Amino acid sequence: MKKSRITGVYSLIVGISMVGMWIMFLVTDNIPELNTIPWEIGFHILAEIITACLLIFAGLGFLRDYNWRYIVYFIGTGMLLYSIISEGLGYYVQRGDILFTSIFISLLILTLGFLGLIISEYNVSDPLKL
């Protein structure tokens, strides 16, 4: 399987998982911040849904070889890395949650690995040809 196809599958899995996670948290009323900082958590959820949509579109782009796949992937992955480091790791390390800290460290390593695969495949000699 081509590097970009594997990365596309990973992007789809992560994007769909992000949407599913927030739906699960909302349905089970497991977001206490909605009562204390509703605007902040609302915008946080919005940013994560946008990230998830970009990852889903990038994944589909890689699987179908659309020309725009790289730019959408790079933007979505940049947003994902920020979310993992700033929000995910920061939040769970602060709470002392070893399980979720480990999950986010694993997600960080996997995401950087897939980013490295795509960068190695990307034609930097012609950056406008996506």
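Below, the figures for the structure above:
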{"quantity": "Some residue of segment 91-98 being surrounded by fewer than 15 Cβ atoms within 10 Å (Cβ to Cβ) and within 30 Å of Glu121 (Cβ to Cβ)", "calculated": "no"}
{"quantity": "Tally of residues being surrounded by 12 or more Cβ atoms within 10 Å (Cβ to Cβ) and out of contact with any helix residue (DSSP H, G or I) (no Cβ under 8 Å at 6 or more places or on another chain) across segment 18-36", "calculated": "3"}
{"quantity": "Residue, farthest from Leu108 (Cα to Cα), within segment 18-56, restricted to residues that are under 15 Å from the mean Cα position of the chain (by Cα) and without any contact (Cβ under 8 Å) to a residue 24 or more places away in the chain", "calculated": "Leu46"}
{"quantity": "Condition met for Leu108 (surrounded by 12 or more Cβ atoms within 10 Å (Cβ to Cβ), touching a Gly at 6+ places or on another chain (Cβ under 9 Å) and not polar (S, T, N, Q))", "calculated": "yes"}
{"quantity": "Residue match in segment 67-89 (condition: closer than 15 Å to Ile16 by Cα, touching a residue at least 24 places away in the same chain (Cβ under 8 Å) and among the small types (Gly, Ala, Ser))", "calculated": "yes"}
{"quantity": "Leading residue by the ranking (surrounded by the fewest Cβ atoms within 10 Å (Cβ to Cβ)) among those in segment 75-89 that are small (Gly, Ala, Ser) and under 17 Å from Ile109 (Cβ atoms)", "calculated": "Ser86"}
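No value in this document is a laboratory result; all are computed from the given coordinates. Here the structure is a predicted model, which means the values were calculated and not measured. All Cβ positions, glycine included, derive from the backbone under ideal geometry; neighbour counts span all protein chains shown.
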